[in-house]
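Structure record follows, encoded as structure tokens.
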Protein chains: 4
Amino acid sequence: MANFKGHALPGSFFLIVGLWWSVKHPLKYFYQKEKSNQLTHHYQRLEIIEAAIRTLFSVIGILAEQFVPDGPHLHLYHEDHWVKLMNWQHSTMYLFFAVSGIVDMLTYLITHVPLGLDRLVMALAAFNEGFLFYYHVHNRPPLDQHIHSLLLCAVFGGALGLAVEVVLRDNIVLELFRTSLLLLQGTWFWQIGFVLFPPFGGPEWDQNNHDNIMFVTMCFCWHYLAALCIVAASYSLVYCFLTQVKRREDREVIGIQKLRSDHTYRKALLSGSDEE
Amino acid sequence: MANFKGHALPGSFFLIVGLWWSVKHPLKYFYQKEKSNQLTHHYQRLEIIEAAIRTLFSVIGILAEQFVPDGPHLHLYHEDHWVKLMNWQHSTMYLFFAVSGIVDMLTYLITHVPLGLDRLVMALAAFNEGFLFYYHVHNRPPLDQHIHSLLLCAVFGGALGLAVEVVLRDNIVLELFRTSLLLLQGTWFWQIGFVLFPPFGGPEWDQNNHDNIMFVTMCFCWHYLAALCIVAASYSLVYCFLTQVKRREDREVIGIQKLRSDHTYRKALLSGSDEE
Amino acid sequence: MANFKGHALPGSFFLIVGLWWSVKHPLKYFYQKEKSNQLTHHYQRLEIIEAAIRTLFSVIGILAEQFVPDGPHLHLYHEDHWVKLMNWQHSTMYLFFAVSGIVDMLTYLITHVPLGLDRLVMALAAFNEGFLFYYHVHNRPPLDQHIHSLLLCAVFGGALGLAVEVVLRDNIVLELFRTSLLLLQGTWFWQIGFVLFPPFGGPEWDQNNHDNIMFVTMCFCWHYLAALCIVAASYSLVYCFLTQVKRREDREVIGIQKLRSDHTYRKALLSGSDEE
Amino acid sequence: MANFKGHALPGSFFLIVGLWWSVKHPLKYFYQKEKSNQLTHHYQRLEIIEAAIRTLFSVIGILAEQFVPDGPHLHLYHEDHWVKLMNWQHSTMYLFFAVSGIVDMLTYLITHVPLGLDRLVMALAAFNEGFLFYYHVHNRPPLDQHIHSLLLCAVFGGALGLAVEVVLRDNIVLELFRTSLLLLQGTWFWQIGFVLFPPFGGPEWDQNNHDNIMFVTMCFCWHYLAALCIVAASYSLVYCFLTQVKRREDREVIGIQKLRSDHTYRKALLSGSDEE
């Protein structure tokens, strides 16, 4: 889908998941600190729902790539040439993410699936995305090639982080790192769309201008900085929210205790007068 | 052995070992969970037999490479030129796998061989295979070079996983990862055979067509997905099999206990009537 | 800032931080060994001050890059071309170091920021510097390109070390390694200045002479050796200083105890005479 | 020193150290297993002597490179060109190994030097060797370049293994791995000498023949196999030797006990007769 929408759609998808992760992981971290076991059950249900939604979106992605008007409609080889290999490659990427979603669900649903497998398959899905992209962008104009290859930094960085998480599970630093790279991927897809297919009909970018390549490289760093800021903001908001919730609960508990102690006091008075 | 058989044979070998591993590792994992120490002895014998078979196959591979009609017959240098270097390189690959098999046997047979050495030597054998392949495929047509270099992903990935296993031994996730890469290698060897030497006399693939290269890249991902599915299926089958075996054993135990308790009951009745 | 000062300034900055670290880390290490908890508070204040200074310097760097006479003055795009992208890229590098400084401060000031995040962001700042440099030096004469790319060894090596520190925090060997690489970066910036922009008006270096490139490579090794020597010297000096301080304290303690015991002795004598 | 001796000398040096390590590490491993603390002192002295010898050899290497008849005699720059940069680069390599030797000595002599620093500096020395070699072999004929670049596998592999040892100290598998790579380096230096400077006046190798390059690649694998065999043989010999020593000691202990018990018996008899 070599147009603006074809980049905005996966970008939005990655952005939404990234934003959700930037809320989910701090939440889990703060609850784990307080060792509230009662929430583990709710948390697992949350993970299963998230994995199901990710699987669903991936399947929608596959169907979209196959059945858009100019898609391959599941035809792979026709009259001595391959049909719409680009769409097939995108379908393959989505397929791996769907498998990753299914394995995530299974890890939480079935107890005999070993922990860490979900992270391994997610790492493989990310690696696979990068692998296909790497061969995807050969033989293109310099700027196009460069702007896509920058994406590989985010993708392979994420795959590496996920592979480490197989061994170091539930490490908040690694989780925030992964979240920031996912957000970067999301915003960068939008950026690619804006650069290669200007949606508002602006002038096209000169594909061979070295200054453009230098700006795009720097712009990638800014995107990452923005991603880090989003993660930091989410983390702070979750912390403030949890602190407020706790304070209110404490106040209510104190209120109830006060009511109770008043009651006890009156009772004691009454029984005291009775005894008199 | 630049023909279909020359790729199908190692492919089958890797496939068989991969399938066996996809059964062995889940079995070990479930038994370890139940901490049944009595099975450790049987398991070690199994490992020794596997290593012996692997060594045997590697030796057969060396002999085949050397003594096929157009092989070098152990001649290395003859009349100012090297004799059949391809066959010699394949022999070298098999030699490392043979050494790895021997070290595996020794690790289980002799107690003073440090654990982890078997994984290190296996990682070296895999690295060696990739290393030779890397220099093997220079100066070939693009498709031939690409389809072989994809193999390197599986080989070096496996070597890396094995190197991590030196430190993190008996980690089921790493073992399943290694198994899936071995299966990938097996099926990919077959794929190479089908692409480069069509066995059923179909038309040859255009070696310089970029679309062919793109399809082959994507096809590699599908092969890996298939390998992951095989591993998942094996894992589930082993689990179901073990659960059923356990249930039957439990039933038998209950049956025996019932028989015994009936017997005791009757005895109690009899002795009761005696006492009367 | 493609002149001598433009390389001497960041070089001096890195050198100063490196020298400070070569004192700070041994100090922390020796205090941790003695488990003197009372110093933890002072140490944290020190870390916060250091991070604040680092942030300040980075902000000064950004302002300098933007508002030097031939700087971009915050203009990015003007009349169909990018304005002073070099300065913008340097600003971006400083920006990441400023963010790293802020995260360092937050980690020590706010208890709910997870440990390790400071190291991750510092690793990202280093990686970002290397990343921008990598694309920075394309299309330059061989010696210029080579002398800058050597810098990447120090930068990426430092980023890798910092990434390992996320998991292995407070490992003195990793900290000294990072310190030595920072010193190397500092001295190498000076070296680049001397080679590319001879400050004393000497003859220019031949950019295409292979011997020059070979010498520069070797010179880089010497710089690292010098950096290792500086770290070793600092480490020894800190050790000697702490040993002397301890000895003096011990002597004073002994002195006080002696005074006290003298006093007690006299008192005892007096009270003895009283009793008499 | 671009001649046969110039490759045979460092090769012999690496071989000797490798052979010594292949004895030292198994010895340490078996003694650690028996937890004989009394030997720790002897072992530390051994390490210090080894490090001293390594330092000495490195210094001799530096002096040889500088003061051979066609050496630079400590002149670096003379009449607008660099003097004998090859020799200077080799001196630099030796210098790092000398520093590594000194740090090894210090680690065992002075208690406040942190453990792991010796491995880090040794890893840096190995990395430095590879780093200089990498830029060393540019602009040479293909075979020359290839045969030297194969060396880099052994050098960087060793540096990586040593870097892991910083964290995982005293891991026998890593130590044997490092030993095998050192032996490989030793034998490969000899091989380079034989290929590039045939000592017995044979015909020169065709530098551009692809078959030669393929053979050399395979030959490198054989060298590594030989190195693995040497390590395995050393390990077994050390084990057999220690077992025999132990058996003899046990026999002597039994003999002494027998003598003693005989003596006691006779004494008992005598005292018995006395008592009679």
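Residue by residue, here is whether (1) buried (at least 21 other Cβ atoms within 10 Å of the Cβ); (2) among the charged types (D, E, K, R); (3) at the interface with chain D (Cβ under 9 Å from one of its Cβ atoms) holds:
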residue: B:58; (1), (2), (3): yes, no, no
residue: B:66; (1), (2), (3): no, no, no
residue: B:73; (1), (2), (3): no, no, no
residue: B:76; (1), (2), (3): no, no, yes
residue: B:81; (1), (2), (3): no, no, yes
residue: B:93; (1), (2), (3): yes, no, yes
residue: B:96; (1), (2), (3): yes, no, yes
residue: B:100; (1), (2), (3): yes, no, no
residue: B:104; (1), (2), (3): yes, yes, no
* Condition check for residue D:8: small (Gly, Ala, Ser), closer than 19 Å to residue D:178 by Cβ and either assigned to a helix (DSSP H, G or I) or touching a strand residue (DSSP E or B) at 6+ places or on another chain (Cβ under 8 Å) (or both) -> no
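For every residue, the table says whether it meets (1) of a type in the set (A, V, I, L, M, F, W, C); (2) under 22 Å from residue C:22 (Cβ atoms); (3) in contact (Cβ under 8 Å) with a residue 12 or more places away in the chain; (4) touching a strand residue (DSSP E or B) at 6+ places or on another chain (Cβ under 6 Å).
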site	(1), (2), (3), (4)
C:104	no, yes, yes, no
C:107	no, yes, no, no
C:146	no, no, yes, no
C:176	yes, yes, yes, no
* To do: Those residues that are closer than 19 Å to residue D:86 by Cα and within 11 Å of chain C (Cβ to nearest Cβ), I need them from segment D:109-136; list them, please.
  => D:125, D:127, D:128, D:129, D:131, D:132, D:133, D:134, D:135, D:136
* Structure fact -> Subset of segment A:62-82, residues out of contact with any Ser or Thr (no Cβ under 8 Å at 6 or more places or on another chain) and more than 30 Å from residue B:204 (Cα to Cα), comes to A:63, A:64, A:67, A:68, A:69
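Residues checked against (1) surrounded by fewer than 17 Cβ atoms within 10 Å (Cβ to Cβ); (2) among the β-branched types (Val, Ile, Thr); (3) outside any helix (DSSP H, G or I):
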position	(1), (2), (3)
D:138	yes, no, yes
D:156	no, no, no
D:165	no, no, no
D:182	no, no, no
D:190	no, no, no
D:195	no, yes, no
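For segment C:75-107, give me the residue count where each residue is of a type in the set (Phe, Trp, Tyr) and at pLDDT below 90. Give the steps one after another, and end with the answer.
Pass one, segment C:75-107, residues of a type in the set (Phe, Trp, Tyr): C:77, C:82, C:88, C:94, C:96-97.
Filter once more, keeping what is at pLDDT below 90: C:77, C:82.
Qualifying residue count, segment C:75-107: 2.
Could you grab me the full set of residues in segment C:30-73 that are of a type in the set (Phe, Trp, Tyr), within 23 Å of residue C:117 (Cβ to Cβ) and modelled with pLDDT under 90?
Matches in segment C:30-73: C:43 only.
Between B:211, B:170, B:206, which is at positive phi, surrounded by fewer than 24 Cβ atoms within 10 Å (Cβ to Cβ) and acidic (Asp, Glu)?
On the way: B:211 fails: at positive phi; B:206 fails: at positive phi.
From the options B:211, B:170, B:206, the qualifying one is B:170.
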* Residues being away from chain D (no Cβ under 14 Å) and either surrounded by 20 or more Cβ atoms within 10 Å (Cβ to Cβ) or on the phi > 0 side of the Ramachandran plot (or both) - total across segment C:140-154 -> 0
* To do: Please specify each residue of segment B:58-68 satisfying the condition of being farther than 15 Å from residue B:85 by Cα and either in a loop (DSSP other than H, G, I, E, B) or in contact with a helix residue (DSSP H, G or I) (Cβ under 8 Å, 6 or more places away or on another chain) (or both).
  => B:58, B:59, B:61
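Does residue C:197 meet the test of being of a type in the set (A, V, I, L, M, F, W, C), away from every other protein chain (no Cβ under 13 Å) and over 15 Å from the mean Cα position of the chain (by Cα)? Walk me through how you get there before you give the answer.
Details: of a type in the set (A, V, I, L, M, F, W, C): yes; away from every other protein chain (no Cβ under 13 Å): yes; over 15 Å from the mean Cα position of the chain (by Cα): yes.
Criteria met by residue C:197.
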* Structure fact -> residue A:1 passes all but one of the listed conditions (1) at pLDDT 85 or above; (2) over 17 Å from the mean Cα position of the chain (by Cα); the exception is number (1)
* Asked: Of all residues in segment C:160-187, how many are within 12 Å of residue C:14 (Cβ to Cβ) and hydrophobic (A, V, I, L, M, F, W, C)?
  -> 4
* Would you please name the residue that is farthest from residue C:189 (Cα to Cα), looking only at residues in segment C:208-251 that are among the acidic types (Asp, Glu) and more than 9 Å from chain D (Cβ to nearest Cβ)? => C:250
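Of all the residues that make up segment B:124-163, how many are among the β-branched types (Val, Ile, Thr) and within 17 Å of the chain's Cα centre (by Cα)? Before the answer, list the steps.
We begin by selecting, within segment B:124-163, every residue among the β-branched types (Val, Ile, Thr); these are B:137, B:147, B:155.
The next check asks that each one be within 17 Å of the chain's Cα centre (by Cα); those that pass are B:155.
Residues meeting the conditions: 1.
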* Asked: Restricting the first residue to segment C:111-126 and requiring it to be free of Cβ contacts under 8 Å to residues at least 40 places away in the same chain, which pairs with a second residue that is of a type in the set (S, T, N, Q) and buried (at least 22 other Cβ atoms within 10 Å of the Cβ) meet a Cβ separation below 6 Å and a spacing of at least six or different chains?
  -> C:121/C:100; C:125/C:100
* Asked: If you scan segment A:76-102, which residues turn out to be more than 31 Å from the chain's Cα centre (by Cα) and of a type in the set (D, E, K, R)?
  -> A:79, A:80
* Restricting the search to segment D:68-119, which residues are touching a His at 6+ places or on another chain (Cβ under 8 Å) and of a type in the set (Asp, Glu)? -> none
* Under 9 Å between Cβ atoms, at least 6 apart or on separate chains: pull out the pairs that start in segment D:184-212 with a residue that is of a type in the set (D, E, K, R) and end on any residue that is surrounded by 14 or more Cβ atoms within 10 Å (Cβ to Cβ) and assigned to a helix (DSSP H, G or I). => D:204/D:196; D:206/D:143; D:206/D:212; D:211/B:85
* **Residues being in contact with a Phe, Trp or Tyr (Cβ under 6 Å, 6 or more places away or on another chain) and under 17 Å from residue A:224 (Cβ atoms) - total across segment A:164-179** => 1
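Of the residues B:113, B:103, which is at negative phi and either charged (D, E, K, R) or in a helix (DSSP H, G or I) (or both)? It would help to see each step written out before you state the result.
Details: B:113 fails: either charged (D, E, K, R) or in a helix (DSSP H, G or I) (or both).
Matching residue, one of B:113, B:103: B:103.
The values are calculated or read from the model by the stated rules, or taken from the named source; none is laboratory data. On a predicted model such as this, the values are computed, not experimentally measured, just so you know. When we count neighbours, we look across all protein chains shown, and the Cβ atoms used for this are built from the backbone with ideal geometry, even at glycine.
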